[in-house]
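Visitor: One structure follows; several queries about it will come next.
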Amino acid sequence: MKNRYEIRFSGSGGQGMITAGKIFSLAAGLYSGKNAVQSQSYGAASRGGASKSDVIISDEEIIYPRAMEIDLLIVLSGEACSAYCSNMANTTLIVDENLVINVPHGYKQLIKIPITEMTKKITGSTMSSNIFSLGIAVAISNIIEPDTVEKVLKDKFKNNVLEKNIQAFNKGYEMGLKYRE
């Protein structure tokens, strides 16, 4: 891992991308022995409007807790893409190919995946699209082990919700491995 790795999870309010960022940060900080900082931003509406969760992971102390150069950006809505997809020369950009139509240029790598559609096929619902995205991020970033995320999922969710989220995470992780550099 380079000294500092930055991930942005973004989408519309209600898609759970802030939760995905929190889970990644907890897995890194609590179970992987890394320093982790998570911040979030969202519109005034509780549902809809662009939202983002930035996660910074480092083996060293994180002195400045704001994302400066995003390494991995996952986008689940066109509005979030418009709001947060800039300065991406060194960024791997992952978009939900069915929900993000106008993808800007100038990124290091573009990966288009039907995230929401695949999640629905796996779990019968789109509610775990954020956790599917989290699996992709864990695989591509390769800075924490997938079992650390499963520990956080088990702390946060119960019963059927936990089962669907673990299914979504594992399939997202498998998908992400196909794109790992």
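Visitor: Check region 117-130 and report whether any residue there is closer than 23 Å to Ala67 by Cα and either touching a residue at least 60 places away in the same chain (Cβ under 8 Å) or buried (at least 22 other Cβ atoms within 10 Å of the Cβ) (or both). Lay out the reasoning, then the answer.
Guide: Let us first name the residues in region 117-130 that are closer than 23 Å to Ala67 by Cα, namely 130.
Those left that are additionally either touching a residue at least 60 places away in the same chain (Cβ under 8 Å) or buried (at least 22 other Cβ atoms within 10 Å of the Cβ) (or both): 130.
Among the residues of region 117-130, at least one is closer than 23 Å to Ala67 by Cα and either touching a residue at least 60 places away in the same chain (Cβ under 8 Å) or buried (at least 22 other Cβ atoms within 10 Å of the Cβ) (or both), which makes the answer yes.
Here's the yes/no breakdown for (1) crowded, with 23+ Cβ neighbours inside 10 Å; (2) over 21 Å from Pro104 (Cα atoms); (3) of a type in the set (A, V, I, L, M, F, W, C); (4) modelled with pLDDT under 90:
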residue: Gly49; (1), (2), (3), (4): no, no, no, yes
residue: Asp59; (1), (2), (3), (4): no, yes, no, no
residue: Ile62; (1), (2), (3), (4): no, yes, yes, no
residue: Pro65; (1), (2), (3), (4): no, yes, no, yes
residue: Glu69; (1), (2), (3), (4): no, no, no, no
residue: Val75; (1), (2), (3), (4): yes, no, yes, no
residue: Gly78; (1), (2), (3), (4): no, no, no, no
residue: Ala89; (1), (2), (3), (4): no, no, yes, yes
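Visitor: Same structure again: Yes or no: Ile63 over 24 Å from Gly43 (Cβ atoms) and either in contact with a strand residue (DSSP E or B) (Cβ under 6 Å, 6 or more places away or on another chain) or free of Cβ contacts under 8 Å to residues at least 40 places away in the same chain (or both)?
Guide: Against the criterion (over 24 Å from Gly43 (Cβ atoms) and either in contact with a strand residue (DSSP E or B) (Cβ under 6 Å, 6 or more places away or on another chain) or free of Cβ contacts under 8 Å to residues at least 40 places away in the same chain (or both)), Ile63 qualifies.
For (1) crowded, with 16+ Cβ neighbours inside 10 Å; (2) over 21 Å from Val100 (Cα atoms); (3) without any contact (Cβ under 8 Å) to a residue 40 or more places away in the chain, each residue gets a yes or a no:
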{"site": "Tyr5", "(1), (2), (3)": "yes, yes, no"}
{"site": "Gly11", "(1), (2), (3)": "yes, no, no"}
{"site": "Ala20", "(1), (2), (3)": "yes, no, no"}
{"site": "Ser25", "(1), (2), (3)": "yes, yes, yes"}
{"site": "Leu30", "(1), (2), (3)": "no, yes, no"}
{"site": "Val37", "(1), (2), (3)": "yes, yes, yes"}
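Visitor: Oh, and also: Do we find that Leu153 is free of Cβ contacts under 8 Å to residues at least 60 places away in the same chain, on the phi < 0 side of the Ramachandran plot and among the aliphatic types (A, V, I, L, M) in this structure? Give the derivation first.
Guide: Numbers: free of Cβ contacts under 8 Å to residues at least 60 places away in the same chain: no; on the phi < 0 side of the Ramachandran plot: yes; among the aliphatic types (A, V, I, L, M): yes.
When the stated conditions are applied, Leu153 does not pass them.
Visitor: Exactly one condition in (1) farther than 23 Å from Gln109 by Cβ; (2) loosely packed, with under 14 Cβ neighbours inside 10 Å is false for Lys164; which is it?
Guide: (2)
Visitor: Moving on to the next point. Exactly one of these conditions fails for Ala45: (1) modelled with pLDDT of 90 or more; (2) over 16 Å from the mean Cα position of the chain (by Cα); (3) under 24 Å from Met127 (Cβ atoms); (4) of a type outside the set (Val, Ile, Thr). Give me its number.
Guide: The one condition Ala45 does not meet is (1).
Visitor: Filter region 106-123 for residues that are modelled with pLDDT of 95 or more and of a type outside the set (A, V, I, L, M, F, W, C); which is farthest from Ser53 (Cα to Cα)?
Guide: Lys121
Visitor: In this structure, does Thr148 turn out to be closer than 14 Å to Gln167 by Cα, out of contact with any strand residue (DSSP E or B) (no Cβ under 7 Å at 6 or more places or on another chain), touching a residue at least 12 places away in the same chain (Cβ under 8 Å) and not aromatic (Phe, Trp, Tyr)?
Guide: Numbers: closer than 14 Å to Gln167 by Cα: no; out of contact with any strand residue (DSSP E or B) (no Cβ under 7 Å at 6 or more places or on another chain): yes; touching a residue at least 12 places away in the same chain (Cβ under 8 Å): yes; not aromatic (Phe, Trp, Tyr): yes.
No: the conditions fail for Thr148.
Visitor: Could you say which residue among Ile136, Ile140, Ile144, Ile131 is of a type outside the set (D, E, K, R), in a loop (DSSP other than H, G, I, E, B) and modelled with pLDDT of 95 or more?
Guide: From the options Ile136, Ile140, Ile144, Ile131, the qualifying one is Ile144.
Visitor: Please tell me if Val161 is assigned to a helix (DSSP H, G or I) and out of contact with any Phe, Trp or Tyr (no Cβ under 7 Å at 6 or more places or on another chain).
Guide: Working: assigned to a helix (DSSP H, G or I): yes; out of contact with any Phe, Trp or Tyr (no Cβ under 7 Å at 6 or more places or on another chain): yes.
For Val161, the condition - assigned to a helix (DSSP H, G or I) and out of contact with any Phe, Trp or Tyr (no Cβ under 7 Å at 6 or more places or on another chain) - is met.
The values are calculated or read from the model by the stated rules, or taken from the named source; none is laboratory data. Remember, it's a predicted structure, so these values are computed and weren't measured experimentally. Cβ sites come from the backbone with ideal geometry, for glycine too, and all protein chains shown count toward neighbours.
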